[in-house]
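Worksheet: one structure, shown below.
Readers should treat all values here as calculations from the given coordinates under stated rules, not as data from a laboratory. Every value quoted in this text rests on a predicted model; they were computed, and no experiment measured them. Cβ placement follows ideal geometry from the backbone for every residue including glycine, while neighbour counts extend to all protein chains displayed.
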Amino acid sequence: MRQNKVSLLLVDDDIEYSGYMVQLFGKYNFRVSTAADLGTARRKAEELAPDIVMCDKNIGGHRGVVPFLDYMQREKPETPLVLCSAEDGARARVELYCHEFISKVLPFEKIHAGVNHVLSDFGISPPRPGET
């Protein structure tokens, strides 16, 4: 069965973490785009229309990630948002903007499962390894 790749926009200023996630999600046939700042994230969200956005809570300077999440919720409500953070306390502050909170310190299998769960909730079939 042929299936299109699911596009994931990863918004994180930690280049090492982003590279790791691109590599791992790529093994599961996700098409991953990255943004290391919120201006780039917004531009890519407009241009690429990703199937899902995974965003670090600690990006965005003093205003934080909330303006980007607010934009996504207002302009792209059909796009699921997953918030990631190494800080569990991030959940309460911004979880109203997101469909799921996933800790960045979890093993990749749990992060992947969380993303797939959100995709399924939105009626998007998660890709499987080996499908193209």
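Can you check what the net charge comes to around Asp13, using other residues whose Cβ is under 12 Å from the Cβ of Asp13 (Lys, Arg +1; Asp, Glu -1)? Once positives and negatives cancel, what remains is -4.
Summary value for region 6-106: 25 percent relative contact order, contacts being C-alpha pairs under 8 angstrom separated by 6+ residues. Applying the Karplus relation 6.51 cos²θ - 1.76 cosθ + 1.60 with θ = phi - 60° to region 23-35 yields 3J(HN,Hα) values of 4, 5, 5, x, 5, 9, 6, 7, 9, 9, 10, 10, 9 Hz, where x marks Gly and Pro. Taking label positions 7 Å along the Cα-Cβ direction at both Ser7 and Val22, the computed distance is 1.6 nm, reported to one decimal.
Only the Cβ atoms of Lys and Arg (+1) and of Asp and Glu (-1) were treated as charged; on that basis the dipole of region 6-106 about its Cα centre amounts to roughly 100 debye. Close amide-amide hydrogen proximity is noted between Ala86 and Lys104, each under 5 Å apart and 5 or more residues distant or on a separate chain (H modeled in the peptide plane; Pro and chain starts excluded).
Note on Ile15 and Ala86: the extension gain reaches 24.1 nm, defined as 0.36 nm multiplied by sequence separation minus the Cα-Cα distance. Here the simple spin-label model places points 7 Å from the Cα toward Cβ, and for Glu46 and Gln73 these points are separated by 2.1 nm.
The amide H of Ile59, built 1.01 Å from its N in the peptide plane, has Val65 as neighbours under 5 Å, considering only residues 5 or more places off or on other chains.
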